[in-house]
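Below: the structure, in C-alpha cells.
The values are calculated or read from the model by the stated rules, or taken from the named source; none is laboratory data. The shown structure was predicted, so the numbers you read here are calculated from the model rather than taken from an experiment. FYI the Cβ positions are ideal-geometry reconstructions off the backbone, even for glycines, and counts take in every protein chain you see. Quick note on the areas: whole protein, heavy atoms, side chains included, nothing else; ligands and nucleic acids left out. Shrake-Rupley method; radii C 1.70, N 1.55, O 1.52, S 1.80 Å.
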Amino acid sequence: MNKLNGVHLRHNKKTRNCETKIFPPPKKVTIPMSQSMGAPCICLVGKGDHVDVGQKIGDTDVFMSAPVHSSVSGTVTEIADYLLPNGSVCKAAVIETDGQQTMCPDISVPQITDRKSLIAAVRESGMTGLGGAGFPTHVKLGFDPSKTPVDTLVVNAAECEPYITSDYREMMECADDVIGGILLIQKHLNIPMCKLCIEDNKPDAIKLMTEKTADIKSIDIAVLPSQYPQGAEKVIVYSATGRIIAEGELPVNQGVLVMNVSTVSGVYRYSKDGIPLINRRITADGTAVTKNAGNYLVPIGTPVSEILAYCSAEDAEKVLYGGPMMGLCLYDTDQPVVKNNNAILAFKHGKVPETTACIRCGRCVAACPLRLMPLMIESAYNAKDVAELKRLKVSLCMNCGCCSYVCPAHRPLAEINRLAKAMLPRK
Amino acid sequence: MKGLYISPSPHRTDNISTAKIMLTVIIALLPAAAAGCVFFGPRAAAVLAVCVISCIVFEALCRIVMKKPQTISDLSAIVTGLLLGMNLPATVPFYIPVIGSFIAIVIVKQLFGGIGQNFANPAITARIVLMLSFTPQMSVWVKPYWYSGTLDAVTGATPLAEKWLYYTENGVNYKMAPFTLSEMFWGETGGCIGETCAAMLILGGLFLIITKVISAATPVAFIGSFALLTFIYTGSLNETVYGVLAGGLLIGAFFMATDYATTPVTAKGKVVFGIGCGVITFIIRTFGSFPEGVSFSILLMNLLTPYIDRLTAAVPFGAKKSSKN
C-alpha cells in the first residue's frame with residue numbers, strides 16, 4: 001500500500017482539554033434556509049410568527065436537502081436575504097428570542113425499527129455532515145444496498161485541521177453516544193464492520209474508545225498517522241481500508257460509508273430524545289482570541305460576533321468558519337453559526353502573503369495527496385487549455401490546500417484548481 | 001469592528017519563501033567557494049565577487065528596462081553569480097565573468113521571463129559559451145597556492161586534462177593518476193574555483209538534501225550512473241573514484257542538475273534526469289574531444305526536461321486511466 005502524500009502542520013490544538021460549555025441563546029438568531037449541500041429549504045414561517053425550540057421552520061420536497069429547525073423560542077422578525085459564503089443567496093429566518101427556550105410540543109422520540117424508519121428519522125432530525133461539507137445525512141444513509149452493498153462504516157474522527165478539537169471533545173464527553181450511533185447505524189443498515197479512525201495525536205481519545213469498544217467485535221479503532229489531510233474522505237477510506245475511491249465514484253461504490261464522528265453521535269441522540277439538530281459544538285480559537293478559547297455548544301443561528309465578543313477577539317482581521325486549511329472566510333461577523341461549522345477561528349493577521357513567480361521547485365507535486373501536478377494545472381489554466389486540464393485530472397482535486405501551503409512563491413494553487421475545475425464542461 | 005480580510009483557503013502557509021531557499025543554496029555553496037579561495041587565492045575571490053555583483057546588476061537592470069517588479073531580493077541572481085564564478089578558472093580576465101553574467105542573467109534567464117521560466121541552466125550555459133568563445137583564457141589552470149610565490153611552475157593541468165603516467169615494472173603494466181585520491185578529495189588540484197574541493201561540495205550537497213531543498217534522487221542517479229559506467233569500462237575502482245572526484249561532476253550533480261527551473265519536478269523524472277546526465281558525462285569524457293562533459297550533459301538534459309516531466313508524471317490517485325477525454 002503506497003503512502004499518500006500530505007503535509008505536517010503545527011496542530012495548535014490547545015483547546016483539547018477545554019470541556020464543552022453551553023453558550024447562552026443570543027438575543028437574535030439568523031437561520032439560513034440553506035445549511036446543507038443541496039437544495040435550499042422553503043421557509044415555513046413568516047414575519048411575526050412565534051416559534052419554539054426545535055420547531056421545523058424550513059423544509060423542501062427536494063431529496064438532496066435537509067430541513068432546518070429553530071434553535072430558540074421567540075418571534076420571527078424578518079425573512080431576510082442571506083448571502084452564503086459560496087456566493088449564492090438564500091432566505092434566512094431572523095428570530096428574536098424570548099428567553100423562555102420553550103420546547104416545541106411536536107418533538108417526540110422517533111420509532112426506529114428498520115432501515116426505512118432510520119433514514120426517515122434522520123431526515124426529520126435535519127442532520128447534515130458535521131465535519132464541514134454538510135452533506136445531508138439521510139441521503140448518505142439512503143444508499144441502495146442492492147446496487148452498492150456497504151460492508152464498512154468509516155467513522156471519521158481524524159480531525160486533521162489545526163486548532164479544531166470539537167470532534168475530539170465529542171469522543172471524550174459523549175463516547176457512549178458515538179458507540180450507540182455506530183451500533184444503531186450498523187444494525188439497521190446491515191453494516192458488519194466499523195472503523196473508527198482517529199489520528200495518533202489524540203492518545204486519550206484512542207485509549208477511551210479502545211476501552212469502550214473492547215467487547216464490541218464490530219467496531220475497530222483505526223489509529224492513523226497525524227498527517228494532513230488524513231480526514232479527507234478519499235484519504236481516510238484508503239488509510240482505513242486500503243480501498244481507492246476512483247474518479248466519479250462515491251465511497252458506497254467501494255462498499256464504504258463515511259460519517260463524521262459527531263454526526264454519528266448526533267444521530268444517536270436524536271433517536272433517544274427526538275430533538276433535531278439545533279445546536280452544535282464549535283471550537284473558538286485562533287491568534288486573535290485573547291480569552292475563553294474553548295469548545296462551546298452554540299445554538300445554530302447565533303451571530304459569530306457574539307462568540308468573538310465572548311472570546312475578546314474583536315481585533316481579528318480574518319474570521320473563519322472551520323479550520324485554517326479548508327475553512328471559509330466570513331465577510332461579516334454578524335454571519336451566523338450554521339450546521340456544518342466545527343470551529344470559529346479568529347486571526348490577528350489577515351493579509352495573504354505576496355505572490356512571486358513559480359520557481360518550479362515541485363513542492364506542490366510532492367505534497368498533493370492525489371498526486372496531481374498543481375504547477376502544470378496553473379499553466380494550463382492560464383492558457384485556458386481545457387483539454388490539458390482534463391488530462392491533468394484537475395477534477396479530482398479535493399481542495400485540501402496542501403499545494404498552496406507548501407508553495408514558497410505563495411501562489412494560490414488551490415484557488416486556481418477550483419477555478420480550473422469550473423472551466424471544465426459540466427457532464 | 002474593522003473590516004475583515006477575505007481570501008480563499010488555505011489560510012496558512014508553510015514558513016518558506018523563494019529567498020529562503022536561495023539563501024540555503026548560497027550557504028551550501030560557501031564552503032566549496034571558500035576552499036576555492038584558499039587554493040587559488042584573492043584572485044579567485046575577486047572573480048567570484050565580479051560574477052555575483054554583475055549578476056545582481058544585470059538582473060536589476062533587466063527588471064527596470066522590462067518594467068517588471070524588481071526580483072533581486074529573491075537572491076537567485078546571487079546563486080547564479082556564485083555558480084558561474086565557481087565554474088571559472090581563477091585567472092580569467094575580469095571582462096570574462098562580466099560577459100558570462102550577461103549571458104546567464106540577461107539572455108538565458110530574463111529574456112525567457114525571469115526566475116522559473118528559463119529552460120536552460122544560466123550558469124552552465126554561460127560557462128559553455130565562455131569556454132567556446134574564450135578557449136585560451138578559459139583553459140589556464142593554476143596550481144593550488146600559486147599565489148604564495150613558492151612554486152616553481154604556476155600553471156598545471158586539471159585532473160581530467162592531465163595525462164596518466166603509464167609505466168612497466170617487472171613486466172607488469174602500471175597506470176598512475178596525476179593526483180592522489182586524497183588530493184582529489186580535498187581539492188588540492190588544478191581546476192575551476194569551486195569545483196575542485198570534493199569534500200566541501202559533498203558537505204554542501206548533504207546540507208541541501210537534509211534541509212529538503214533538493215531531492216537526493218538526482219545526485220545519486222547522476223553520480224551512480226557515471227560511476228557504474230566508468231567502473232564497467234575501466235574495471236578499476238581507483239579510476240572510478242578518481243573520475244567521480246574530478247572536474248565538475250560533484251558541483252554539477254549537487255548544485256546544477258538540481259536547479260528547479262530546468263530539471264524535472266516529478267520524483268521519477270529526477271532519477272531519469274540524473275541517469276541521463278551520468279551517461280552523457282561518461283560518453284563525453286571517455287570518447288569525446290573535450291576532457292569534461294558535465295556542463296554539456298546537464299544542458300542536454302535541460303532540453304529534455306518538459307518531456308521527462310510529462311512521461312514520468314504519476315497517475316493521480318483514483319484516476320481512471322481509460323478515460324482520456
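Annotations for the structure displayed:
- Residues that are within 14 Å of chain A (Cβ to nearest Cβ) and either β-branched (V, I, T) or open to solvent by 50 Å² or more (accessible area, probe 1.4 Å) (or both) within segment B:101-117 comprise B:F112, B:I115, B:Q117, listed in sequence order.
- Put simply, of A:I216, A:I245 the only residue that is touching a helix residue (DSSP H, G or I) at 6+ places or on another chain (Cβ under 6 Å), in the same structural domain as A:L196 (by TED's automatic domain parsing) and assigned to a loop (DSSP other than H, G, I, E, B) is A:I245.
- B:T180 vs. criteria β-branched (V, I, T), surrounded by fewer than 16 Cβ atoms within 10 Å (Cβ to Cβ) and in contact (Cβ under 8 Å) with a residue 12 or more places away in the chain: no
- Among the residues of segment B:264-297, those identified as among the aromatic types (F, W, Y) and either within 14 Å of chain A (Cβ to nearest Cβ) or over 13 Å from the mean Cα position of the chain (by Cα) (or both) are B:F273, B:F282, B:F287, B:F290.
- For segment A:185-200, the candidate set comprises residues that are within 21 Å of the chain's Cα centre (by Cα) and open to solvent by less than 40 Å² (accessible area, probe 1.4 Å); within that set, the residue that is farthest from A:Y238 (Cα to Cα) is A:I185.
- Residues in segment A:290-319 that are open to solvent by 20 Å² or more (accessible area, probe 1.4 Å) and not acidic (D, E): A:T290, A:K291, A:N292, A:A293, A:L297, A:S305, A:A309, A:Y310, A:S312.
- Matching residues in segment A:306-319 - criterion: being small (G, A, S) and facing chain B (nearest Cβ under 8 Å): A:A316
- The listed residue being modelled with pLDDT under 95, open to solvent by less than 30 Å² (accessible area, probe 1.4 Å) and outside the structural domain of B:F255 (by TED's automatic domain parsing), out of B:P97, B:P144: B:P144
- Hey, A:N382 more than 7 Å from every other protein chain (Cβ to nearest Cβ), open to solvent by 60 Å² or more (accessible area, probe 1.4 Å) and not hydroxyl-bearing (S, T, Y) or not: yes
- Only a single item in (1) closer than 30 Å to A:I107 by Cβ; (2) more than 12 Å from chain B (Cβ to nearest Cβ); (3) free of Cβ contacts under 8 Å to residues at least 60 places away in the same chain is not met by A:V289, and it is number (1).
- Segment A:406-427, subset open to solvent by 20 Å² or more (accessible area, probe 1.4 Å) and in contact with a Cys (Cβ under 9 Å, 6 or more places away or on another chain), residue nearest to the other protein chains (Cβ to nearest Cβ): A:R418
- Looking across segment B:259-272, the residues that are closer than 14 Å to B:T80 by Cβ and either open to solvent by 10 Å² or more (accessible area, probe 1.4 Å) or among the small types (G, A, S) (or both) come down to B:D259, B:Y260, B:A261.
- Qualifying position, being touching a Phe, Trp or Tyr at 6+ places or on another chain (Cβ under 8 Å), at pLDDT below 95 and more than 14 Å from chain B (Cβ to nearest Cβ), among A:S88, A:S36, A:S108: A:S36
- Candidate set from segment A:1-33 (those that are open to solvent by 80 Å² or more (accessible area, probe 1.4 Å) and aliphatic (A, V, I, L, M)); member that is farthest from the other protein chains (Cβ to nearest Cβ): A:I22
- Of B:L300, B:L250, all but one fail to be away from every other protein chain (no Cβ under 12 Å) and in contact (Cβ under 8 Å) with a residue 40 or more places away in the chain; the exception is B:L250.
- Considering residues of segment A:320-334 that are open to solvent by less than 20 Å² (accessible area, probe 1.4 Å) and touching a residue at least 40 places away in the same chain (Cβ under 8 Å) only, the residue farthest from the other protein chains (Cβ to nearest Cβ): A:Y321
- Candidate set from segment B:1-36 (those that are of a type in the set (S, T, N, Q) and assigned to a loop (DSSP other than H, G, I, E, B)); member that is surrounded by the most Cβ atoms within 10 Å (Cβ to Cβ): B:S9
- Every residue from segment B:300-325 that is farther than 17 Å from A:R371 by Cα and open to solvent by less than 40 Å² (accessible area, probe 1.4 Å): B:M301, B:N302, B:T305
- Residue in segment B:72-80 that is in a loop (DSSP other than H, G, I, E, B) and either over 21 Å from A:R360 (Cβ atoms) or under 20 Å from the mean Cα position of the chain (by Cα) (or both) present: yes
- Qualifying residues in segment A:385-405 (those that are facing chain B (nearest Cβ under 7 Å) and among the hydroxyl-bearing types (S, T, Y)) - the one surrounded by the fewest Cβ atoms within 10 Å (Cβ to Cβ): A:Y405
- When the test is whether a residue is in contact with a strand residue (DSSP E or B) (Cβ under 7 Å, 6 or more places away or on another chain) and either more than 30 Å from A:E354 (Cα to Cα) or within 14 Å of chain A (Cβ to nearest Cβ) (or both), B:V140 passes it.
- Here A:A357 meets the list (1) part of a strand (DSSP E or B); (2) among the hydrophobic types (A, V, I, L, M, F, W, C); (3) open to solvent by 20 Å² or more (accessible area, probe 1.4 Å) almost entirely, failing just condition (1).
- The residue that is nearest to A:P136 (Cα to Cα), among those in segment A:44-81 that are among the polar types (S, T, N, Q) and open to solvent by less than 40 Å² (accessible area, probe 1.4 Å), is A:S65.
- Taken over segment B:118-147, the criterion of being under 21 Å from B:E183 (Cα atoms), hydroxyl-bearing (S, T, Y) and out of contact with any Lys or Arg (no Cβ under 9 Å at 6 or more places or on another chain) is satisfied by B:S139, B:Y145.
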